[in-house]
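Enquirer: Handing you this structure, nothing more for now.
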Amino acid sequence: MSETIRVVTELTDEERKRLFGWGEHIFGLEDGKYTWRPKEIHIVLDVDGQAASHVGLIDHTVDVGGQPVRVGGVGGVATNGEMHGRGYARKTLRYAEQFMRDEMKVEFGLLFCLDRLKPFYERQGWQLLTEPVEIEQPAGRMVSPLNVMVLPFGARVWPKGATDLRSLPW
């Protein structure tokens, strides 16, 4: 089995179907309540030439307690259903983390996740934010109903205070 990781700015329709169209409600949020920001960069792990796992990224600056903080936004973390349980999500996420730190040169990674996924990200070193995170939605601003987690890439500690995403979530 050959594995390769590639970085692209667009996914093909076939890749989207393979990565996100293999089951119903794969993210647990497909109820249409939320509007999500498209990803700018896609990290794709291919197995034998087929897209197996994905991590989407954006480069964004948030406001935390009045301080700007540049983050690599992580979203669309998914592995094709046939490929679950083989460590592909972890491997793709690790590559994305290195890419954010070394190529994007952001201070932190930032992601949104459901309660059931929090332990997975904690095992990878991500830290849960306990102060409110405000997000934008078409109907107006609101506090994120999802867990928000960060991963530091340097010596800087996440500042104290509420976070204003100043964007749709990703």
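Throughout, read-outs are computed from the coordinates displayed, never taken from laboratory work. Fair warning: this is a prediction, and the values are worked out from it, not measured in the lab. All Cβ positions, glycine included, derive from the backbone under ideal geometry; neighbour counts span all protein chains shown.
Enquirer: So how much slack lies between residue 86 and residue 6, counting 0.36 nm per residue of separation and subtracting their Cα-Cα distance, in nm?
Expert: Difference between extended and current length: 27.0 nm.
Enquirer: Here's another thing I want to ask about it. Taking the chain as a Gaussian network, where each spring joins two C-alpha atoms under 10 Å apart, which residue of 14, 107, 97 fluctuates the most?
Expert: Of the options given, 14 has the highest mean-square fluctuation.
Enquirer: Shifting gears a bit: For residue 127 paired with residue 59, estimate the spin-label separation in nm (one decimal), with each label point 7 Å from Cα along the Cα-to-Cβ line.
Expert: Spacing of the two 7 Å Cα→Cβ label points: 2.5 nm.
Enquirer: What's the magnitude of the charge dipole for the range 52-128 around its Cα centre, counting Lys and Arg as +1 and Asp and Glu as -1 at the beta-carbon? Answer in Debye, nearest 20.
Expert: About 300 debye.
Enquirer: Related question: Which distance in nm do the two modelled labels at residue 136 and residue 114 give, with both placed 7 Å along the Cα-to-Cβ direction?
Expert: 2.7 nm
Enquirer: Related question: In nm, what is the difference between 0.36 nm times the number of residues separating residue 46 and residue 98 and their Cα-Cα distance?
Expert: Separation in residues times 0.36 nm, less the Cα-Cα distance, equals 16.9 nm.
Enquirer: Okay, moving on. List nothing, just return the count: lysine pairs in the chain, 8 or more apart or interchain, with Cα separation under 28 Å.
Expert: 14
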